[in-house]
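Trainee: Could you have a look at this structure, given as structure tokens, before my questions?
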Protein chains: 4
Amino acid sequence: MVKVGVAGYGVIGQRLADGVALQKDMELVGVADIAPTLAVRALKEKGMPYKFYNSLPENQKLLEDAGIPVSGTLEDLVQQVDIMLDATSAGIGAKNKEIYAKYNKKAIFQGGEKNSVADVFFHGYANYEKGVGKQFLKLTSCNTTGLIRAVDCLDRVVGIEKVAITIIRRVADPGDYHRGLTNALQIDKAPNHQAVDLMTIMPHINATGILVHTPVTHGHIITVVATPKKKISKDEVLKAFNSHDRIRVVRIADGFLGNASLFRYARDLGNPRGDMYEIAIWEESIVESGNDIMFAINIPQESVVIPETMDAIRAAMEMQTNGAEGVAITNKYLGMGKWK
Amino acid sequence: MVKVGVAGYGVIGQRLADGVALQKDMELVGVADIAPTLAVRALKEKGMPYKFYNSLPENQKLLEDAGIPVSGTLEDLVQQVDIMLDATSAGIGAKNKEIYAKYNKKAIFQGGEKNSVADVFFHGYANYEKGVGKQFLKLTSCNTTGLIRAVDCLDRVVGIEKVAITIIRRVADPGDYHRGLTNALQIDKAPNHQAVDLMTIMPHINATGILVHTPVTHGHIITVVATPKKKISKDEVLKAFNSHDRIRVVRIADGFLGNASLFRYARDLGNPRGDMYEIAIWEESIVESGNDIMFAINIPQESVVIPETMDAIRAAMEMQTNGAEGVAITNKYLGMGKWK
Amino acid sequence: MVKVGVAGYGVIGQRLADGVALQKDMELVGVADIAPTLAVRALKEKGMPYKFYNSLPENQKLLEDAGIPVSGTLEDLVQQVDIMLDATSAGIGAKNKEIYAKYNKKAIFQGGEKNSVADVFFHGYANYEKGVGKQFLKLTSCNTTGLIRAVDCLDRVVGIEKVAITIIRRVADPGDYHRGLTNALQIDKAPNHQAVDLMTIMPHINATGILVHTPVTHGHIITVVATPKKKISKDEVLKAFNSHDRIRVVRIADGFLGNASLFRYARDLGNPRGDMYEIAIWEESIVESGNDIMFAINIPQESVVIPETMDAIRAAMEMQTNGAEGVAITNKYLGMGKWK
Amino acid sequence: MVKVGVAGYGVIGQRLADGVALQKDMELVGVADIAPTLAVRALKEKGMPYKFYNSLPENQKLLEDAGIPVSGTLEDLVQQVDIMLDATSAGIGAKNKEIYAKYNKKAIFQGGEKNSVADVFFHGYANYEKGVGKQFLKLTSCNTTGLIRAVDCLDRVVGIEKVAITIIRRVADPGDYHRGLTNALQIDKAPNHQAVDLMTIMPHINATGILVHTPVTHGHIITVVATPKKKISKDEVLKAFNSHDRIRVVRIADGFLGNASLFRYARDLGNPRGDMYEIAIWEESIVESGNDIMFAINIPQESVVIPETMDAIRAAMEMQTNGAEGVAITNKYLGMGKWK
């Protein structure tokens, strides 16, 4: 049993903890955060299924006043685990890394940290082997994680030369009050970092793209124009996507009208928090543009990185040294693909 | 065991079915709908925990093509139950009523139907006894249900003479594509129907109000200016709200910044679909205006009517003939108030 | 001719400059800002109808690189005017005040500054005489300005004892990217500052209220529950509102469905920027609650304070020492009420 | 002087009327609509700068009750003009066509009508000559009009083989209450009609694309991946766009952060209604993807078709039989490009 701790019990941290709890070959030792946030209050109301550690000593009284049982400090937690999942706010991970290094523990950082924090920039499908045995890994961000799933899927079938992507980005998560956009689309300087990140992970592919922020909370949509090494038909593309355990092909005709339909569906499935681990690709979005293939992906931003982070634990801890085996076990424990 | 069926497996119908399944003295016989909607597809993907009946014979093939196991028709379902919960689209309930009447079954309609469909317009706390033994009951709508909880709570303590309410209405549910509003507030002719409905249920109170639609999906907010029969302090008001099993007093200072915080919190609690049965009242919203008391309520529109509908089953079926007993049993099975 | 300068050429500053330019007894000397913002770039593209002064010397090169003709510094501008209108970001006005004081000039600050910046907290209708001859005045904020118009209007007719208000606040202006809210309502601690401000200006009235932010950009909506000193009928209320030159009574039945209808109508009128100086009150929103009167106001947040700021110039400069005369001349030059 | 009438005085019709009024070689005879809409009420409040005709006889009393001076029927208007601009709701144009044909008048329909309503599907830059002398023309829709401007611009420089577009569509106009979307992205079946329409107008180009609706009101954003016949540098692309009188190259660095910045800028320019005739292209969005060029366009949906409709009048009426001359005169009268 690999012992795992989570630092930062926010949107991603909560889901990482739940994801680890589902892995039968891992043990969740505890979670750490700095204040009695809503997530921490919910943990308490649920009866503390996970032990809680305080990352900010000066907030000890604040936590006690809120009635949160505290099992120790972040440093206490780190000493008990084999590997830490760091889902703290951008920049904090680099600071926490000193604690992880001090106790010679492994750690996996999320996409908000700089690449330099880690030994390898990791994606379960695209470069699993590079992460094997490494001490510090950094995951791709939510958009990049989902994008690479789809691009890697086609790359394995036909070889992909280049991609030009348009990211229609949700600007905040449900419940976010610290950021938002009202009745406006906002454009970023091109190329977007997701294209650059894809090239870091998959250096044989040329990638560029434009990102536009939109005032919604449920799922990014990415359109991809992919240039394959040789002509591939829409049917072959569809078959490839349908065979992938982390891709859910959906149809507008069935009622999947947009990102909000997928969120509703996940809620109706009874998935905790209405989360979905799979990206979705709309069957009716797949079109040919000369030899290029164009399609649209839905990225459930709150939960999409959970599977690849589980993969990263497997790689770093050498639980499986082969990528195909590693992702297969993650998929089994997360129940991915069982809906097919 | 009272046998219950649900007609209309949409936003409300799904939650009614789940609510019945939690009542240890009821049995959910099955649910009925007319097409392979996302909700019905999710039911299938979950492995059909509830039997499904087809309300629209001409859609039989459509359902079969979607792989939905069909256990019969709506009429088949009706014959097996003691009482139907009708959560179909507005106007359909009145038509379905003929089937319920044909088999001499009881039924409970939701707020979208006209009052004339039912023998009594019902609220679990405000007029339980009026529903006892009746054949056809109609529930108050989501806003009215939550509003009456709060007003009735104060009315029991001090007596309420009149209320002037402002409803800041969420305009669509998460995942709705058939209705919406973009960057606009929309005002309805005053007084709003919720004030009128409140007076129907609580005829001793004078009520009026203004309703403004807002482009959000998570929870209505209602401000209430209530005129009590005698002066009541903010502390007494707070104490009354805190004692109510279907009211959750929350604080901005704790991170409950608005309707979206409550939705996030319910998701983080692990509540199915991120639902919450309680209304919330913000402690920091309670102010005095002369002798009047003003405060703000959050109404989780998708799930708030579930408890009062369970009450309605209890009243109609004479499972409990006393209101206090009826609501207490509903609360126990739904786990309400256990968070205190 | 009273010589006027404007500091801060943003959403409010631009409209103040245009408002001054319409007053036949005032001269707009120039406007000042700190950078080549879009508003300043638009000024240039229009051919510099107003002289531009640079408030931040270190940005001189930035302005020149953008091709903006600069006529001098803020201090240069101040020396040429009789009175400054300060519409800079909150807190900057207090700093600029030192320059105004150094040259012994009068100044009018906007609602974002602290009350202590000024000798009097001013509203053209409610306390004009208090501003007469004063050096430093502070205007009420947009919501308070519009709210006081309506409350003062009724107060003159019947006497108002208390008001309980609900502010449904637009969270950003069209084009704002530095603030926003996405799919969420946000509640503030009660009572809101507008109620407190109303009591400062109209100390004989008891006021309280709740403010809820909504993710829209066109106009706040305020519902008011006003307790008059004696019973007043809906018709009398309507007559009073209809007689006011800064209030536009509109009807849902005519197509004024909400705040966005008023914005569209002002655009269709050909008003510069689609602005409207009047508040609107919906005829169908006026209802009685016992002796209380309830109604809903629309506040065009970008432009509503322009008339009262013109009044403030008149009072401070003693152009008219009588409030009724002062506001009448403002109204004449702004064309208010001519639509009736 | 070519005599012009406008049928349908809504979002587009009002702007067509204003556009015609600016053409020194045209005369606006009048506008027609069916009811006292807000636009018609605004026309009245402005003092009837345009004569109004009633298209729906049974609404005569309704119009009179609203105080709208009516100069006759639609048929009266048609008889006085050389050409009608039909901007009625989709489908009505086809009915009105019978009246236009009856009096042997020319007409220009907007993008909502079916192609079959017209003799030619028209764009001022891409196929002006095809419209010369024709009786019935149909304009491209707002997205297609703007898209073709940009693609045609590059096509003239280097030759374009194919384009793959992503339309990030604003879902409603400011003030629309009859349609909307709340916190959701919605995807349409690919390819979108704009790509198909582009191929109808420019049959030598292969086009496809995906359209996603977003809950905003100010301007569509389109990303274009264009495959040129030979390599073209970013600088050459920029030079081409900068030379076009209907394209405004803008920079994020200058404050143009998205569609809402362009709307604000047009308001600040003092443009009537805050309209802009030019499409905008972000300089920082232009990137190379292999030999392909990718960039992002802003489409001001309410006003973008006005110039091309003026072109269509010129073509249909043979005012200029050469496209370059026709568009140049339109541009002169609309003041396009003068900002450079």
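Trainee: Return yes or no: is D:Leu85 in contact (Cβ under 8 Å) with a residue 24 or more places away in the chain and not assigned by TED's automatic domain parsing to the domain that holds D:Met26? Steps first, answer last, please.
Mentor: On the way: in contact (Cβ under 8 Å) with a residue 24 or more places away in the chain: yes; not assigned by TED's automatic domain parsing to the domain that holds D:Met26: no.
No; evaluated as a whole, the condition is false for this residue.
Trainee: Next up: Going through B:Ala7, B:Ala39, B:Ala17, B:Ala21 one at a time, which residue ends up being of a type in the set (Gly, Ala, Ser) and over 27 Å from B:Asp65 (Cα atoms)?
Mentor: After applying the criteria, what remains is B:Ala21.
Trainee: I'd like to check something: does the range A:215-224 contain any residue that is within 14 Å of chain B (Cβ to nearest Cβ), more than 17 Å from A:Ala280 (Cα to Cα), in contact with a helix residue (DSSP H, G or I) (Cβ under 6 Å, 6 or more places away or on another chain) and at pLDDT 95 or above?
Mentor: Among the residues of the range A:215-224, not one is within 14 Å of chain B (Cβ to nearest Cβ), more than 17 Å from A:Ala280 (Cα to Cα), in contact with a helix residue (DSSP H, G or I) (Cβ under 6 Å, 6 or more places away or on another chain) and at pLDDT 95 or above, which makes the answer no.
Trainee: Confirm whether A:Asp155 is over 20 Å from the mean Cα position of the chain (by Cα), assigned by TED's automatic domain parsing to the domain that holds A:Val216 and either in a helix (DSSP H, G or I) or small (Gly, Ala, Ser) (or both).
Mentor: On the way: over 20 Å from the mean Cα position of the chain (by Cα): yes; assigned by TED's automatic domain parsing to the domain that holds A:Val216: yes; either in a helix (DSSP H, G or I) or small (Gly, Ala, Ser) (or both): yes.
Yes, satisfied.
Trainee: Can you tell me which condition D:Pro57 does not meet? The list is (1) under 17 Å from C:Asp268 (Cα atoms); (2) out of contact with any helix residue (DSSP H, G or I) (no Cβ under 9 Å at 6 or more places or on another chain), and all the others hold.
Mentor: (1)
Trainee: Right, next: Kindly provide the set of residues from the range A:72-89 that are β-branched (Val, Ile, Thr) and assigned to a strand (DSSP E or B), ordered by number.
Mentor: Once the filter is applied, which keeps residues that are β-branched (Val, Ile, Thr) and assigned to a strand (DSSP E or B), the range A:72-89 yields A:Thr73, A:Ile83.
Trainee: Just the residues that are within 7 Å of chain D (Cβ to nearest Cβ) and small (Gly, Ala, Ser), please, taken from the range A:185-214.
Mentor: Our first condition is that a residue be within 7 Å of chain D (Cβ to nearest Cβ); within the range A:185-214, this holds for A:185-187, A:189-191, A:206, A:208, A:210, A:212, A:214.
Of everything in the range A:185-214, just one residue is within 7 Å of chain D (Cβ to nearest Cβ) and small (Gly, Ala, Ser), namely A:Ala190.
Residues are listed down the side, and each one gets a yes or a no for (1) more than 24 Å from A:Val31 (Cα to Cα); (2) outside the structural domain of A:Gly19 (by TED's automatic domain parsing):
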| position | (1), (2) |
| --- | --- |
| A:Ser89 | no, no |
| A:Ala118 | no, no |
| A:Phe121 | no, no |
| A:Ala126 | yes, no |
| A:Gly180 | yes, yes |
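Trainee: A further question on this structure: Taking the options B:Asp245, B:Asp254, B:Asp292, B:Asp268, name whichever one is in contact with a Ser or Thr (Cβ under 6 Å, 6 or more places away or on another chain) and not polar (S, T, N, Q).
Mentor: B:Asp292 is the lone residue from the list that is in contact with a Ser or Thr (Cβ under 6 Å, 6 or more places away or on another chain) and not polar (S, T, N, Q).
Trainee: Being part of a loop (DSSP other than H, G, I, E, B) and touching a residue at least 40 places away in the same chain (Cβ under 8 Å) is the filter; apply it to the range D:186-223 and report the residue that is nearest to A:Phe256 (Cα to Cα).
Mentor: D:Pro215
Trainee: Moving on to the next point. Considering only the range B:8-51, state which residues are hydrophobic (A, V, I, L, M, F, W, C), closer than 17 Å to A:Asp268 by Cα and in a strand (DSSP E or B). Show your work before the answer.
Mentor: Just the residues of the range B:8-51 that are hydrophobic (A, V, I, L, M, F, W, C), to begin with: B:11-12, B:16-17, B:20-22, B:26, B:28-29, B:31-32, B:34-35, B:38-40, B:42-43, B:48.
When the remaining residues are screened for being closer than 17 Å to A:Asp268 by Cα, the result is B:11-12, B:16-17, B:20-22, B:31-32, B:35, B:38-40, B:42-43, B:48.
Once the filter is applied, which keeps residues that are hydrophobic (A, V, I, L, M, F, W, C), closer than 17 Å to A:Asp268 by Cα and in a strand (DSSP E or B), the range B:8-51 yields B:Val31, B:Ala32.
Trainee: Got at least one residue in the range B:260-268 being at pLDDT 95 or above and more than 14 Å from chain A (Cβ to nearest Cβ)?
Mentor: Scanning the range B:260-268 turns up no residue that is at pLDDT 95 or above and more than 14 Å from chain A (Cβ to nearest Cβ).
Trainee: Does C:Lys61 meet the test of being assigned by TED's automatic domain parsing to the domain that holds C:Glu325 and not in a helix (DSSP H, G or I)?
Mentor: Spelling it out, it is not the case that C:Lys61 is assigned by TED's automatic domain parsing to the domain that holds C:Glu325 and not in a helix (DSSP H, G or I).
Trainee: Only one residue in A:Glu302, A:Glu308 is touching a residue at least 40 places away in the same chain (Cβ under 8 Å), in contact with a Leu (Cβ under 7 Å, 6 or more places away or on another chain) and either under 20 Å from B:Pro272 (Cα atoms) or outside any loop (DSSP other than H, G, I, E, B) (or both), so which one is that?
Mentor: Numbers: A:Glu302 fails: in contact with a Leu (Cβ under 7 Å, 6 or more places away or on another chain).
Exactly one residue qualifies, and that residue is A:Glu308.
Trainee: Taking the range C:279-308 as the search range and keeping residues that are over 14 Å from C:Arg248 (Cα atoms) and acidic (Asp, Glu), which one is surrounded by the most Cβ atoms within 10 Å (Cβ to Cβ)?
Mentor: Step by step, filter the range C:279-308, then rank; the result is C:Glu308.
Trainee: Just checking, how many residues over the range B:315-335 are under 16 Å from B:Val305 (Cβ atoms) and part of a loop (DSSP other than H, G, I, E, B)?
Mentor: 0
Trainee: Ok, one more. Please specify each residue of the range C:10-54 satisfying the condition of being touching a helix residue (DSSP H, G or I) at 6+ places or on another chain (Cβ under 9 Å) and charged (D, E, K, R).
Mentor: C:Arg15, C:Asp18, C:Lys24, C:Asp25, C:Glu27, C:Asp33, C:Arg41, C:Glu45, C:Lys46, C:Lys51
Trainee: In the range D:163-184, which residues are of a type in the set (Lys, Arg) and either surrounded by fewer than 22 Cβ atoms within 10 Å (Cβ to Cβ) or within 14 Å of chain C (Cβ to nearest Cβ) (or both)?
Mentor: D:Arg170, D:Arg179
Trainee: I would also like to ask the following. Can you name every residue in the range C:49-70 that is surrounded by 14 or more Cβ atoms within 10 Å (Cβ to Cβ) and more than 22 Å from the chain's Cα centre (by Cα)?
Mentor: Passing the criteria: C:Lys51, C:Phe52, C:Tyr53, C:Asn54, C:Ser55, C:Leu56, C:Asn59, C:Leu62, C:Leu63, C:Ala66, C:Ile68, C:Val70.
Trainee: Among the residues of the range A:225-238, what is the count of those that are facing chain D (nearest Cβ under 9 Å) and either among the small types (Gly, Ala, Ser) or surrounded by fewer than 24 Cβ atoms within 10 Å (Cβ to Cβ) (or both)?
Mentor: Total meeting the criteria: 1.
Trainee: What about D:Asp311, is it buried (at least 23 other Cβ atoms within 10 Å of the Cβ) and farther than 24 Å from A:Asp188 by Cα?
Mentor: On the way: buried (at least 23 other Cβ atoms within 10 Å of the Cβ): yes; farther than 24 Å from A:Asp188 by Cα: yes.
Taking the combined requirement at face value, the residue satisfies it.
Trainee: Sort out which residues of the range A:18-29 are surrounded by 18 or more Cβ atoms within 10 Å (Cβ to Cβ) and free of Cβ contacts under 8 Å to residues at least 40 places away in the same chain, and write them in order of number.
Mentor: So the first thing to find is which residues in the range A:18-29 are surrounded by 18 or more Cβ atoms within 10 Å (Cβ to Cβ), and the list is A:18-20, A:23, A:26, A:28-29.
The one that is surrounded by 18 or more Cβ atoms within 10 Å (Cβ to Cβ) and free of Cβ contacts under 8 Å to residues at least 40 places away in the same chain: A:Leu28.
Trainee: May I ask you to say which residue of B:Ile297, B:Ile279 is under 19 Å from the mean Cα position of the chain (by Cα) and over 28 Å from A:Pro49 (Cβ atoms)?
Mentor: Exactly one residue qualifies, and that residue is B:Ile297.
Trainee: From the set of residues in the range C:239-259 that are touching a strand residue (DSSP E or B) at 6+ places or on another chain (Cβ under 8 Å) and at the interface with chain D (Cβ under 9 Å from one of its Cβ atoms), which is nearest to D:Met48 (Cα to Cα)?
Mentor: Going residue by residue through the range C:239-259, those that are touching a strand residue (DSSP E or B) at 6+ places or on another chain (Cβ under 8 Å) are C:241-242, C:246-252, C:256-259.
Filter again for at the interface with chain D (Cβ under 9 Å from one of its Cβ atoms), leaving C:256-258.
Numbers: C:Phe256: 20, C:Leu257: 24, C:Gly258: 25 Å.
The residue in question is C:Phe256.
Trainee: So, one more: If B:Tyr333 satisfies all but one of (1) surrounded by fewer than 20 Cβ atoms within 10 Å (Cβ to Cβ); (2) more than 14 Å from chain A (Cβ to nearest Cβ); (3) farther than 23 Å from B:Ile12 by Cβ, what's the number of the condition it fails?
Mentor: Here B:Tyr333 meets the rest and fails (3).
The values are calculated or read from the model by the stated rules, or taken from the named source; none is laboratory data. Fair warning: this is a prediction, and the values are worked out from it, not measured in the lab. Cβ sites come from the backbone with ideal geometry, for glycine too, and all protein chains shown count toward neighbours.
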